[in-house]
Amino acid sequence: MKGQHWVRLLPLALLIVLGLAGLRGTVGTPRWDGPLHRDGIAVGLVLEVVFAVLAVLTLRRQRSAQQGLVVRKLRMTLLSVLSVGAVAVAVVMLLSLKLHFLNRPVKLPPQPPPRPGATPTRRPPVKAPAPLFHIPVAVLLYALLVLALLAAIAASIWWARRLRPSVGPREDAFIVEDSGDLREAVESGRSALRTVDDARAAIIACYLAMERSLADRGTARGLADTPDELLSRARARGVVRGTAAARLTALFYEARFSSHPLGPGQRDAAEQALDELAAALAEEKAEPEAAGAGT
Amino acid sequence: MTSPDETAQLCKAIVDELERAVVGRRRTLELVLIGILAGHHVLLEDLPGLGKTLIARSFARVLGLDFARIQFTPDLLPSDVVGAPLYDQRSAEMVFRPGPVFTQLLLADEINRTPPKTQAALLEAMGEGQVSVDGLTRKLPEPFIVLATDNPIEYEGTYELPEAQLDRFGMRLRLGYLSAGDETDMLRRRVDRAAENVDLNPVTTPAGVLAMRESLERVEVTPDLLEYVVAIVTATRRDAQVQIGASPRGGLALVQLARGQALLSQRDYVVPDDIKQVAVPALAHRITLRPELWVRQVSADEVMTKLLASVATPRTDPARAVTG
């Protein structure tokens, strides 16, 4: 979970770094003159990057998540705003370049060569005609950049709140967090059977061991899963074969959800099921290893 | 008193007998039986010709119950349902003539075709098992079960059931079409028997049905399963897609229906799967979706299914509160 938090914060951190870099004009400082000066292009490019990153993130989330209608509408609105922003920045940049070329200094006629003997007189420099109108491009781009950064921060906070694990369960959360070795899990079930006097507790421990071993094999129980659903999933994935797991699950249900007195017969049945399961899982594990050694 | 084991055996026999007449609908028959065992009324919602009336008639026959049918129409009056006092010329007195509601299994066919006034006449009967006419309250026979049908497609000339009345149905079932194999089987059986109807045998009696209901009370439900039920009901109230969540009556119904499901699975204790299996028919008709979902034709069943996939089931090990 901690790793996921870092992943969520990464785009925000990246955007802030890019934004600061753009504001300082340190990203690839082009050195040409004109109304764009040096950092107009840099700020524009940073804005485009920011818009692109936000758009990609939004699109990825839209594809992966199954959200409600309101969230989807918000995402569509955000995408539209980002698209319009990206186009607007591009247009402003192109327009500025165009104006820059339109407002080039007028070429002066070639001056006659100075006559010999004549003392050169200093002429006042001919000024280029003032541009027809002036657009504060840098100011506009800076304002857009600040707006984009604010929007990015707001969006990140919104996402973080939405993705924060709620009080309720999550589908991708698993009950079995520790995934020890398969043998260790089964052995813990056996030791529970040997050491725990209470048949009910022993059967539950046995089932718990099976659940851990299934988690080790890549079939962990989701928070909203029932033991039978877990078993079906394990069967569908080919992790479980035979009837041992089903018998152990049925015994677990009885031990866990009834107050019947459970006798040694049920305890023995649980032990036998666990043994069969361990043997089957070990056999299954050995098969690919043997195949690997043979090749 | 029937033991849960005996009830479980009886349930199997009942469903087996019903399947002689109703082809390819074992799960629907089980759910209706669960509803009857839990003391609830059942709403069957689907298109005409899918076997709703056949199911009701067959249940009445197999359970040995009196059967009456009311075809709800726009001009049906409340007195046509519950009965009315009539003047008896011989005795020169007003005599109450019971309506068709005085039966044990009532088929309320196309209940959404009648105005709310007449629909409401059924409310007291369904909720209290009694009818009040002319200041006198008359008890209905026991068991009293309403199997109502409604047609979800036609809207013209229909009156949608109000939430209060929907809430009185323990479950709502949708039948759907038979698979090609089941439909062929149904036709083959019809041709083989050379008769319109199957002659079903009663498997139990009204007293037997009441005894089965009593045995339901002996099915265990652990406290964490009750919390699971509350979590499901609460989830319906908190979901963004739901305007009005399930009522506490919905939670009560869910527990009883889960007990019935446990009996059908030959157990005298409820497991989380029992609750999950009956949660959609028990709660979907009790929630009101937001209007935008109606436009998108998202059904309450779909929303409930999604909700169930997000509510935590009880932990594996009761001793460990968090990680099971």
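Of note:
- Some residue of the stretch A:218-226 being over 21 Å from B:Gln266 (Cα atoms) and in contact with a Phe, Trp or Tyr (Cβ under 6 Å, 6 or more places away or on another chain): yes
- Subset of the stretch B:266-281 (residues that are closer than 17 Å to B:Val221 by Cα and in a helix (DSSP H, G or I)): B:Pro272, B:Asp273, B:Asp274, B:Ile275, B:Lys276, B:Gln277, B:Val278, B:Ala279
- In the set (1) open to solvent by 40 Å² or more (accessible area, probe 1.4 Å); (2) out of contact with any Ser or Thr (no Cβ under 9 Å at 6 or more places or on another chain); (3) closer than 26 Å to A:Ala220 by Cβ; (4) at pLDDT below 85, A:Arg237 fails one condition alone, (2).
- Qualifying positions in the stretch B:189-226 - over 19 Å from the mean Cα position of the chain (by Cα), in a loop (DSSP other than H, G, I, E, B) and under 29 Å from A:Ser259 (Cα atoms): B:Arg218, B:Val219, B:Val221, B:Thr222
- Some residue of the stretch B:77-94 being closer than 19 Å to B:Gly39 by Cα and not assigned by TED's automatic domain parsing to the domain that holds B:Gly250: no
- For B:Val270, the requirement of being closer than 30 Å to A:Arg200 by Cα and within 12 Å of chain A (Cβ to nearest Cβ) is met.
- Hits in the stretch B:228-252 - residues which are within 14 Å of chain A (Cβ to nearest Cβ), among the polar types (S, T, N, Q) and either in contact (Cβ under 8 Å) with a residue 40 or more places away in the chain or open to solvent by 90 Å² or more (accessible area, probe 1.4 Å) (or both): B:Thr236, B:Gln241, B:Gln243
- Across the stretch B:26-55, the number of residues qualifying as among the basic types (Lys, Arg) and at pLDDT below 85 comes to 1.
- Any chance B:Thr73 is touching a helix residue (DSSP H, G or I) at 6+ places or on another chain (Cβ under 8 Å), open to solvent by 30 Å² or more (accessible area, probe 1.4 Å) and either of a type in the set (Ser, Thr, Tyr) or without any contact (Cβ under 8 Å) to a residue 40 or more places away in the chain (or both): yes
- When residues of the stretch B:13-52 are limited to those that are open to solvent by 40 Å² or more (accessible area, probe 1.4 Å) and free of Cβ contacts under 8 Å to residues at least 40 places away in the same chain, the one nearest to the chain's Cα centre (by Cα): B:Arg27
- Output for the stretch A:209-233, where each listed residue is open to solvent by less than 10 Å² (accessible area, probe 1.4 Å), among the aliphatic types (A, V, I, L, M) and modelled with pLDDT under 85: A:Ala209, A:Met210, A:Leu214
- Among residues of the stretch A:214-226 that are in contact (Cβ under 8 Å) with a residue 12 or more places away in the chain and part of a loop (DSSP other than H, G, I, E, B), those with a beta-carbon under 7 Å from a residue that is open to solvent by 10 Å² or more (accessible area, probe 1.4 Å) and among the charged types (D, E, K, R) at least six positions away or on a different chain give the pairs A:Thr219/A:Arg233; A:Thr219/A:Arg237; A:Leu223/A:Arg170; A:Ala224/A:Glu171.
- Restricting the stretch B:292-315 to residues that are without any contact (Cβ under 8 Å) to a residue 12 or more places away in the chain and either within 11 Å of chain A (Cβ to nearest Cβ) or not in a helix (DSSP H, G or I) (or both), the residue that is most open to solvent (accessible area, probe 1.4 Å) is B:Gln297.
- Boolean, B:Leu10 is within 17 Å of the chain's Cα centre (by Cα) and in contact (Cβ under 8 Å) with a residue 24 or more places away in the chain: no
- Condition met for B:Gln256 (more than 25 Å from B:Ile145 (Cα to Cα) and either open to solvent by 20 Å² or more (accessible area, probe 1.4 Å) or in the same structural domain as B:Leu65 (by TED's automatic domain parsing) (or both)): no
The values are calculated or read from the model by the stated rules, or taken from the named source; none is laboratory data. In this text the structure is predicted, and so the values were computed from the model without any measurement. FYI the Cβ positions are ideal-geometry reconstructions off the backbone, even for glycines, and counts take in every protein chain you see. Note: areas computed on protein heavy atoms with side chains; ligands, DNA, RNA excluded. Shrake-Rupley method; radii C 1.70, N 1.55, O 1.52, S 1.80 Å.
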